[in-house]
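First up is the structure itself, then whatever we jot down about it.
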Amino acid sequence: MDRLYAGIDIGGQSLKGIVLDQAGNLRIEAVRSTPAREGREAVLRSIANLITELSQIGTLASLGVGTPGGVDKKGVIVGMAANIDGWEGTELGEALSEVAGAPCVVRNDANMAAFAEWSARSNNSSALLFIGLGTGIGGGFVEDGRILGGCNDRAVEIGHCVIEPGGRSCACGISGCAEAYASGPSIGRIAADLALGRDARLGSLEPQGFEKSFEGSALAARARAGEDLNARDVYAAYVTGDPLARLVDAVAQAALARAAAIGLALLAPDTLVVGGGVIEGAPHLCSNLQELLPNLVYRDAWKDCRVEKARFLHKAGLYGAALYGAAQIESRKNLTALAARVLELSLMERH
Ligand SMILES: [Zn+2]
């Protein structure tokens, strides 16, 4: 009988689930909202219902679950992840394994995304660093199929590397993190600050040679009219040559390059993969890195490192959860073939 591998991505806003079969087909995909304010029991019930929905197509062979923040080796939630009331201390792995009737592994969501990207390159990468630019900036590192977890799976929180000391405030409570300059919401907020003449705290990230009046900038006009901006708005304006968007892009690019350089110096990856929703609208943020890194990190670290765009795009975390679950019961060879077939069938790489 065909084996079925389920993957679930837990977010503060939504719970997403998929099931892949051995041939790499996406057999079912389901989404429901996260009842985060209703507390732990409500969220667990919602995840259990999602698993029941996924199981309708057949008996699950494995379940991988990605969650924000910390999780220990037994699948117990550590820290204040996902803004779910009472979520800390939840024995997620055990509870979900029972519901699914299959072995369940729980890991940090960015680590799952890194695993998906490594699975797609396991024939030619033995050390892969993933950086995802989305609502925040996530990171993960996979060496020969093993996720570098650190304490409670919090390793490679690259978004919280301080790249501009004393700079913009970050949600983590520190100032100057990469996430405060290059996540989707941060890119929008920097545009708004500059348009409104507020101190955007760019410090040494301020690019040279940019006019700050933003004359003729439609993006600046929107900010001045009180619109909330995000990276999507900035990059829609960027392609029209908007002067404010061009400046904000240069800031995000420089911040990403500094964070990536720290990752290269610390981890010596042979492949750096950049993904997340922001990259889909601004692929040059990834492709320009190869030119910027030589100024930011020693030669051996960048010359042996390929820089590539994510193949699983913004769904890396969800597919990574399913593939990581499968990896617990399948051989490396089968996993590599499975990841290749999933990509081929989903045509994700072509978009
Ligand atoms: Zn931070």
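Please treat every number below as a calculation from the coordinates, not as lab data. Since we're looking at a predicted model, the values are computed, not measured. Heads up, the Cβs are rebuilt from the backbone with ideal geometry, glycines too, and the neighbour counts pull from every protein chain shown.
How much net charge surrounds residue 216 when only other residues with a Cβ under 15 Å from its Cβ are counted (Lys, Arg +1; Asp, Glu -1)?
+1
Report, in degrees rounded to the nearest 10, the 0 to 90 angle that the Cα long axis of helix 316-327 makes with the longest principal axis of the chain.
Between helix and principal axis, roughly 30 degrees.
Which of 73/333; 73/315; 212/315; 16/73; 73/303; 212/303 have a Cα-Cα distance over 32 Å?
Pairs exceeding the cut-off: 212/315; 73/303; 212/303.
Tally Lys and Arg at +1 and Asp and Glu at -1 over the other residues with C-beta under 14 Å from the C-beta of residue 253: what net charge comes out?
Net charge in that neighbourhood comes out at -2.
Just add up the charged neighbours of residue 196: K/R +1, D/E -1, any other residue whose Cβ is under 13 Å from the Cβ of residue 196.
So the surrounding residues net to +1.
Where q = 0.07, 0.10, 0.14 Å⁻¹, what log10 of I(q)/I(0) comes from the Debye formula for the chain, counting one point per Cα?
Log10 I(q)/I(0), no solvent term: -0.30, -0.60, -1.11.
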